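A short write-up of the structure that comes next.
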Amino acid sequence: MSHSVKICNVVKRYDDFVAVNDISCEIKQGEFFTLLGPSGCGKTTLLRMIAGFNTIDGGKIYFDDKVINNIEAYKRDIGMVFQNYAIFPHMTVFDNVAYGLKARKVPKSEIEPRVLKALDLVQIMNLKDRKPSELSGGQQQRVALARAIVIKPGVLLMDEPLSNLDAKLRVQMRTIIRKLQRDLNITTIYVTHDQEEALAISDRIAIINSGRIMQVDTPATIYKKPQNTFVAGFIGTSNFMDGKIEQIGPDGVARIKLDAGFEFSIKLKKKYEGRVKISVRPEQFIMNDSGESGLPGEIQMYTFLGDFANYEVKLKNGQIIQANEYTKDIDFVREIGHKVNLGFNPEKVSIFNEEGTEVLS
Amino acid sequence: MNAESAPRRNLTKYFNFWNFVKYGSLLLLLVFLVYPFFSVIIHSFLDSDGGFTLASYKTFFTKPYYYRTLWNSLATSGLSTIFAVLLGVPLAYITTRFNVYWKKCINMLIIMSLMSPPFIGAYSWIMLLGRNGLITNLFAKMGITTPPIYGFGGIVLVFTLKFFPYVYLYVSGAMSSIDRSLEEAAENLGSSKLKRVLTITMPVIMPTLAAGAIMVFMSSLADFGTPMLIGEGYKVLPVLVYEEYMSEMGGNANMAGALSVVIICCSTAVLLIQKYVVARKNYVMTALRPPIVEQLTKGKRILLTALCMLVAVIAFLPQIVVIVTSFIKTNGPIFVQGFGLESYEKIFYKLSKNITNTFLFAIIAIVIIIVFGMLLSYLVVKKKSKISSALDLLLMFPYVIPGAVLGISMLVAFNKKPLMLSGTAIIMIIAYVIRKMPYTIRSSSALLYQIDPSIEEASINLGVSPMKTFFKITARMMAPGVLSGAILSWITTINELSSSIMLYSGKTATISVAIYTEVVRSSFGTAAALASILTVTTILSLLLFNWVSKGKVSVI
Ligand SMILES: Nc1ncnc2c1ncn2[C@@H]1O[C@H](COP(=O)(O)OP(=O)(O)OP(=O)(O)O)[C@@H](O)[C@H]1O
Ligand SMILES: [Mg+2]
């Protein structure tokens, strides 16, 4: 049975630089949990703290109810898959996978069937007698994965395991990883900076920026209900527009006026007054040739992308907006210079405070 | 933070294996390297009653008998360096850029001449060009008198031939790692070939060339056997150190100490120049596309091959001479007509102790070198800290200290209780370990830098403690580097003369010491037989080295 992981106010400092800044989150038993964020945000640092390769300068990490801060790395019962595989070059595939079992003093008679089963799970049974130098990148990755899961670890950690593979193999491998993780029911913490990968593979995602957690949620919620402008901008494409709350009723319904010249009403969940930021995804715009309910603008650029078309639209205040239109919905092309009106459903877009740190809708 | 468990954790962290290795080695180096070295410095400032004085230094810088040796040392080393460059660079250029025949063979001959026992060159050139030499007699029969080999000229000749391989090996390495595009670009810009070599190729290899030249200079400066044998009246510093120490017997070593300090200052200065002036601008890159090897017409090809072969064979000649003369019949110390095994019979009868000493001491030293070299290179490369960089610096120190100086400093330091070691085998083994460990450390470090740190982490992560991980994973992966380094340490240990000659006693004399004493007694046949044993062992070890390192590790 794998562990749940609780991270409480964890801090990592390199001299004056705070690489992990007061991070807290809980990972449920059997969950596939992803750390996602831009390069240098501290994902690897946090993962290595869990693995025991980085010291913990503040806070606590629990496996189930046990604090692991002071447990040595080799006693933590963790499986780890490294970005560059880290296969032992002087051992065969079989011996690589058996290594962790031998260290655990598993009886000889048990080792062989377990290794073979693990190799079978990652579909490389036929390579068991090869040396690592005779394997392709994808095959080495499978060895690394088999080596990590064969010990039935309490927690499985993976640091960008797919980043050295080509695009097609990446998709193939991530399906294998996900299926394996479900079947074995191993708590998994996965690091990536590829948002598509994160959305596809995870139960929940933690978005990290500059050593802080920005949001922890399921992929769909992260995409649809970003908690701040960082998440809205980092996941997918978002158009940010400035505006102002003109008036607010006692029922919480606010009248918002955008600087680009459009007004709409929406019921806010939080009390707020003053300037706001709204974020609209390109596919949330409803594009019309004319009409009043929407942002007036002019098409600047048009890119045909198969199932949809992307437009760059210049608004009245000079801001350029990305808007998508599904090609199955229309049978003509909007020309450059064409005047359009961009409407949207206020219930679906995100409204933030002026600093972009808090969602209001 | 966990208030209660933090101190306990610090404690266990403090007593782990690597800290033990770290502080243990530091202690050993302090006792066996730093302490002797400071003893010598202190002795150089003492008078015979133990009071402070600058008299030794004053004597050195005012009496021509003393200060002239400094000049002699610098002159022979400097001139040999210039000749080594003039010989090594064109040779490297030819072998890397033209399709000469037998490149591997030429290379091997040159490497072997570098690795030969230190005084074999001097000995063989005396056999050929000395007073009663083979060539001298040949020319004398034709009525031609050859210039004398003894003194300045002879020293420079032997140094040049023995040490030019440094320049050759460094430069040919650099030459073959210049990316083709660099020279092609110059060609595109319309430069002639000569201009291209002078304006592009030479500046790029300059730092490497300088490093090679400095190796020649330092090795010449530290060499003791050659000037001792062939110098006769022409004295250089290491010889003077030896003579002073021998005449000061009784262990004062004040003047010898001062001389040692002077030598160390010279070589440290040269090393600092190399580190801060030359190493700064290193352009050598890993070539994506190695330079083009020019295809020559048959005639030119044979001509250039002959030229390179000639140089390589002349450099290797001493070893041939030694082996051949070891089989010449002797009558007492005098060679007579015909071949025989008398010389070998004599050494096995009289000097077998020296032979067993050499191999016994070397084997013990190598075992220690392998264990420590492995652990220390790991500390220096993978466990960076203030102490490990201090260790790194200390370990490079023996490069700067000539063997004779190291010998004296150990004698000065360990001639009284509690560490009464002089005259024992232990002191010789310690000297070998300190002097020869850098070879092993350097070659294992080179390999360690290529080992991805996550490989060790993967092992730890799988439940194997860091110490076990070192032995199960890292040590195994380091093995080829350690082994090839250890072979070099081995070769240089069995051939070591300069520290042995200071430290040996009747019971602990080695082959090289015996060769020296036999030559001094003009017993050339036995000397040749002993030297042949060393040469053959060296050649076999080098072949083993090539096989182990698969040509990936350089001897320099
Ligand atoms: N040993 C170290 N000393 C000093 N700073 C460090 C050290 N290791 C990491 N850092 C810094 O900590 C920050 C976080 O690094 P980390 O490796 O965790 O980033 P990451 O999120 O994994 O990025 P990437 O996606 O590029 O792998 C970076 O700014 C990095 O420069
Ligand atoms: Mg990272």
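Subtracting the Cα-Cα distance of B:Val324 and B:Phe471 from their residue separation scaled by 0.36 nm leaves 48.3 nm. Between the residues B:Asn72, B:Leu296, B:Gly88, the greatest Cα displacement towards the positive end of the dipole of the stretch B:63-326, with unit charges on the Cβ of Lys, Arg, Asp and Glu, is found for B:Leu296. Along the charge dipole of the protein assembly as shown, which of A:Val359, B:Gly24, B:Tyr378 sits closest to the positive end, that is, farthest toward it, with unit charges on the beta carbon of Lys, Arg, Asp and Glu (+1, +1, -1, -1)? Of the options given, the answer is B:Gly24. The label-point distance for B:Ser192 and B:Ala269, in a model that sets each label 7 Å from Cα toward Cβ, rounds to 4.1 nm. Between the listed residues A:Gln215, A:Thr188, A:Leu165, the Cα displaced farthest toward the positive end of the dipole of the stretch A:5-232, a dipole computed from Cβ unit charges relative to the Cα centre, is found at A:Thr188.
Per-residue 3J(HN,Hα) values for the stretch B:538-545, derived from phi via the Karplus relation 6.51 cos²θ - 1.76 cosθ + 1.60 with θ = phi - 60°, read 4, 4, 4, 5, 5, 4, 4, 4 Hz in sequence order (x marks Gly and Pro). Considering only A:Val349, A:Val143, A:Val81, the mean-square fluctuation computed in a Gaussian network model of chain A, springs between alpha carbons under 10 angstrom, is largest for A:Val349. Approximating the spin labels as points 7 Å out from Cα along Cα→Cβ, the B:Cys105-to-A:Ala220 distance works out to 7.9 nm.
Taking the square roots of 5 times each eigenvalue of the Cα gyration tensor of chain B, largest first, gives ellipsoid semi-axes of 38, 34, 24 Å. Centre-to-centre separation between the Cα atoms of the stretch A:187-265 and those of the stretch A:45-100: 33 Å. Checked against a 25 Å cut-off, the cross-linked pairs B:Lys193/B:Lys300; A:Lys43/A:Lys105; A:Lys179/B:Lys472; A:Lys224/A:Lys267 give Cα-Cα distances beyond that limit for A:Lys43/A:Lys105; A:Lys179/B:Lys472. Measuring gaps between exposed loop sites in chain A (trypsin sites (Lys or Arg not before Pro); DSSP loop; at most 16 other Cβ atoms within 10 Å), the longest gap, sites not included, is A:131-268. Treat each spin label as a single point 7 Å out from the Cα along the C-beta direction, and report the A:Glu134 to B:Gln337 distance in nm. A separation of 6.5 nm, rounded to one decimal place.
Pairs of Cα atoms in chain A fall into 20 Å distance bins, from 0 up to the last occupied one, in shares of 26, 45, 25, 4 percent. Annotation: amide H-H contacts under 5 Å for B:Trp102 (H modelled 1.01 Å from N, sequence separation of 5 or more, or interchain): none. Classify the stretch A:237-353 as rounded, prolate or oblate from the Cα gyration tensor: take a ≥ b ≥ c as the square roots of its eigenvalues, call it rounded if a/c is under 1.5, otherwise prolate when a/b beats b/c and oblate if not. Here the stretch A:237-353 falls in the prolate category. Computed about the Cα centre, the dipole magnitude for chain A is approximately 1380 debye when only Lys and Arg (+1) and Asp and Glu (-1) carry charge, each at its Cβ.
Taking chain A as a Gaussian network of alpha-carbon nodes connected by springs under 10 Å, the highest mean-square fluctuation of the residues A:Val333, A:Val171, A:Val20 belongs to A:Val333. The phi-based Karplus calculation (6.51 cos²θ - 1.76 cosθ + 1.60; θ = phi - 60°) puts the 3J(HN,Hα) values of the stretch A:231-247 at 5, 4, x, 7, 9, x, 10, 10, 9, 9, 10, 8, x, 8, 7, 6, 7 Hz, whole numbers, x for Gly and Pro. Using C-alpha pairs under 8 Å with a sequence gap of at least 6, the mean separation divided by the residue count of the stretch A:259-318 gives a relative contact order of 36 percent.
One way to sum up the overall shape of the stretch B:63-326 is the equivalent ellipsoid from its Cα gyration tensor, whose semi-axes run 37, 26, 14 Å, largest first.
Scanning residues 5 or more positions from A:Val340 or on other chains, those with amide H under 5 Å from its amide H are A:Gly297, A:Glu298, A:Ile299, with H placed 1.01 Å from N in the peptide plane. For the residues A:Ser109, A:Ser210, A:Ser293, a GNM of chain A with alpha-carbon springs under 10 Å puts the largest fluctuation on A:Ser109.
Annotation: amide H-H contacts under 5 Å for A:Ser350 (H modelled 1.01 Å from N, sequence separation of 5 or more, or interchain): A:Ser279.
The stretch B:18-57 and the stretch A:332-354 have Cα centres lying 82 Å from one another.
Directionally averaged projected area (the protein assembly as shown, Cα convex hull): 55.2 nm². Rounded to whole numbers, the Karplus 3J(HN,Hα) couplings from phi for the stretch A:86-91 are 6, 6, 6, x, 9, 10 Hz, using 6.51 cos²θ - 1.76 cosθ + 1.60 with θ = phi - 60°, and x at Gly and Pro.
Averaging the sequence gap over all C-alpha pairs within less than 8 Å and six or more residues apart, then dividing by the number of residues, gives chain B a relative contact order of 21 percent.
In chain A, the sites counted are GluC sites (Glu not before Pro) in DSSP loop states with at most 12 other Cβ atoms within 10 Å, and the longest stretch holding none of them, exclusive of the sites, is A:1-272. For the protein assembly as shown, the mean residue ellipticity at 222 nm estimated from helices alone is -16500 deg cm²/dmol, where every DSSP H run of n ≥ 4 contributes -39500 (n - 2.57) and the total is divided by all residues, rounded to the nearest 500.
The numbers here are math on the coordinates, done by the rules we state, and not lab data. Keep in mind the model is a prediction, meaning the values are calculated, not measured. Here Cβ is always computed from backbone atoms with ideal geometry, including for glycine, and neighbour counts include all displayed protein chains.
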